[in-house]
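As structure tokens, the structure follows; a few thoughts come after it.
The values are calculated or read from the model by the stated rules, or taken from the named source; none is laboratory data. Here the structure is a predicted model, which is why all the values come from computation and not from measurement. Counting neighbours? That spans all protein chains shown, and the Cβs are built from the backbone with ideal geometry, glycine included. For the accessible areas, the whole protein counts, side chains as well, though only heavy atoms, and no ligand, DNA or RNA atoms are used. Shrake-Rupley method; radii C 1.70, N 1.55, O 1.52, S 1.80 Å.
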Amino acid sequence: TDLKHIRNFSIVAHIDHGKSTLADRLIQETNTVSLRDMKEQMLDSMDIERERGITIKANTVRIEYKADDGETYVLNLIDTPGHVDFAYEVSRSMRAVEGSLLVVDSTQGVEAQTLANVYQAIDADHEIVPILNKIDLPASDCDRVAEQIEDVIGIDASGAIQVSAKTGQGIHETLEAIVAHLPAPKGDVDAPLKAMLVDSWYDAYLGVIVLIRVIDGKLKKGERIRMMSTNAVYPVDRVGVFTPAMKPVDELGPGEIGFLTASIKQVRDTRVGDTITHEKKGTTEALPGFKPSQPVVFCGLFPVDTAEFEDLRESIEKLALNDASFSYEMETSAALGFGFRCGFLGLLHLEVIRDRIEREYDIELITTAPSVIYHVFLKDGSMIELHNPADMPDPSTVDHIEEPRIKATILVPDDYLGDVLKLCQDRRGIQMDLTYAGSRAMVVYDLPLNEVVFDFYDRLKSVTKGYASFDYQMEGYREDFLVKMQILVNDEPVDALSTMVHRDRAQLRGRAMCEKLKDLIPRHMFKIPIQAAIGGKVIARETLSALRKDVTAKCYGGDATRKKKLLEKQKAGKKKMRQFGKVDIPQEAFISALKMD
Ligand code: GTP
């Protein structure tokens, strides 16, 4: 296809504003997929995405559109994830296209992720077409929302298209606007091959599939390519496009978006943002590199049943094949035995991986307290990156500790502003900015990531009845008074419950955790002290009283089978528990104990 007839774009939106529904409509309107194959939310391929309604892996589709000017255009849509954990995937796919549709729900207005995503599009120099979606709903207010887009984002919304992705109204206008307002890509077909590695994932049949955007030159099947960051060479065995099903093509030229396969064994061998060229006569000039995505939240994953360790290893290795942003290494815990210390992009990412292990591999897991990476500066002048509070060095050797901070942007209706400010204040936040857009307030806070990773988002949703939206970016490290708090159950430290806390909050947190654990741990035949301690000093204590009755006591005399049955029942009830010394701790205690109210 010649460049003039190509348009490459992405759709940016806050979650639930209708991005996937709009993409489905565009595909349907252009008959890219026959009606029979049209499933709702075509682009969300993985089951878990479907269930949770979130798009995790960026997906792509090539649409052919015969425009009102009589010409046929190729429109390449790259779908981007909407959740804050995957901001990095958004930024890299933005670099592969020239324009964006900015979808805003006209019954809701601009939200935190609308802002975060549209700023990424502006950063990538995109031409932007604003779309006001859900105009079929009675609460739709296009004038107000268009004004808000102009006020808050600062782009012209006078030409915004009014759409109902549900009924199909405005879809034709949207396709025309893509052709008319988005720029055609630039590129030189005679120059040496230069292609951007946009994404890659593992397919059980084809191996690693690499999504590419060709900048200059041409790529054909059978050619040998070189990855410029590693110099690894691969023979290309397929090139093609997504319709959205994979369809082989003879070649991909400048401005085109498609895939290649080249017997690449694992996703780890591909670097997102890398430049792909030919082995011989390749370009010497690589594209400006992307920053690699770094895990920011770490936790331990242990099998409830220690016999399942090997199964867990296998499942983690398989998942990692398909997800280069997830890291893992083996970990041993005195209390939990063998498991893995895993790194994630954020809490949602953690939940998705944990769910997949439990569901797809049928392994029950104990998840330890999520932790961020602390910089621990020792008195000898060295610094260690602490991923696990259990590895905290002896406090007498520590000079000071720095923790990661974030800049959080929260949009919330006026009525709930007070609750949001209180929540941020409670989480050691520093207010940076407070502005208004209509009856909505936009607050910017500097917060410790540690206070956000656990349940901040849940709390924010609950104090604002779901009306607040939230987005964040990393802001670097800052020193604070942090200490390691241990939990002792029956005088034994449970390392999986160790956390880093601010010194001034340690007592409050310690007390809350002990109280929670007292409710979560079942009573035993003996008294169980539950304590929180810093160093050797106990700062909070609860006591779980002893269970007096034996479960078998209510069996009269010597009915052995009945007795056995009861004991078995009791054993089954214990399945989801782990023994710590003499005490059984149920699985849910590890997570619930950390939730703050
Ligand atoms: P993610 O892909 O998960 O980031 O969310 P999204 O922005 O793609 O939202 P999605 O397309 O899943 O739509 C969210 C909800 O809004 C779904 O229940 C849709 O059916 C509904 N929806 C989308 N567009 C319209 C519309 O034009 N009118 C009405 N009434 N509902 C719509």
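For the range 1-15, filtering for residues that are touching a strand residue (DSSP E or B) at 6+ places or on another chain (Cβ under 7 Å) and farther than 20 Å from Val241 by Cβ leaves 3.
Those strands (runs of 3 or more DSSP E) of the range 245-295 in which at least 3 residues are within 25 Å of Glu317 (Cα to Cα), considering only elements entirely within it, cover 257-261. In the range 158-181, of all residues being out of contact with any strand residue (DSSP E or B) (no Cβ under 6 Å at 6 or more places or on another chain) and free of Cβ contacts under 8 Å to residues at least 40 places away in the same chain, the one that is least open to solvent (accessible area, probe 1.4 Å) corresponds to Ser164. Looking only at residues in the range 463-506 that are modelled with pLDDT of 90 or more and in contact with a Pro (Cβ under 6 Å, 6 or more places away or on another chain), the one that is least open to solvent (accessible area, probe 1.4 Å) is Met500. Checked against the criterion of being among the small types (Gly, Ala, Ser), open to solvent by 40 Å² or more (accessible area, probe 1.4 Å) and more than 19 Å from Arg95 (Cα to Cα), the candidates Ala191, Ala204 yield just one match: Ala204.
Within the range 133-146, the set of residues being within 20 Å of Pro413 (Cα to Cα) and touching a residue at least 12 places away in the same chain (Cβ under 8 Å) comprises Ala139, Ser140, Asp141, Cys142, Arg144, Val145, Ala146. Of all residues in the range 142-166, those that are within 22 Å of Leu182 (Cβ to Cβ), within 16 Å of the ligand (Cβ to nearest atom) and outside any helix (DSSP H, G or I) total 6. It is to be established whether one or more residues within the range 92-114 are closer than 30 Å to Lys318 by Cα, more than 16 Å from the ligand (Cβ to nearest atom) and in a helix (DSSP H, G or I). Yes.
Would a scan of the range 219-226 turn up a residue that is open to solvent by less than 10 Å² (accessible area, probe 1.4 Å) and in contact (Cβ under 8 Å) with a residue 40 or more places away in the chain? Yes - at least one qualifying residue is present in the range 219-226. Of all residue pairs spaced 6 or more apart or on separate chains, those with beta-carbon atoms under 8 Å, a first member in the range 255-266 that is over 15 Å from Arg226 (Cβ atoms) and open to solvent by less than 10 Å² (accessible area, probe 1.4 Å) and a second member that is in a loop (DSSP other than H, G, I, E, B) and modelled with pLDDT under 90 are Gly255/Thr1; Thr261/Leu206.
Table: residues versus (1) surrounded by 21 or more Cβ atoms within 10 Å (Cβ to Cβ); (2) among the hydroxyl-bearing types (Ser, Thr, Tyr).
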position	(1), (2)
Asp419	no, no
Lys422	no, no
Gln425	no, no
Met432	no, no
Ala437	no, no
Val444	no, no
Val452	yes, no
Tyr457	no, yes
Lys461	no, no
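Taken over the range 175-233, the criterion of being in contact with a Pro (Cβ under 7 Å, 6 or more places away or on another chain), in a strand (DSSP E or B) and of a type in the set (A, V, I, L, M, F, W, C) is satisfied by Val214, Ile215. Here Ile155 passes the criteria (1) farther than 23 Å from His14 by Cβ; (2) touching a residue at least 12 places away in the same chain (Cβ under 8 Å) except the one numbered (1). When the range 510-523 is limited to residues that are of a type in the set (Lys, Arg) and either free of Cβ contacts under 8 Å to residues at least 60 places away in the same chain or assigned to a strand (DSSP E or B) (or both), the one that is farthest from Thr368 (Cα to Cα) turns out to be Arg523.
Check whether at least one residue in the range 406-416 is hydroxyl-bearing (Ser, Thr, Tyr), open to solvent by less than 10 Å² (accessible area, probe 1.4 Å) and out of contact with any Pro (no Cβ under 8 Å at 6 or more places or on another chain), and report yes or no. No, the range 406-416 has no match at all.
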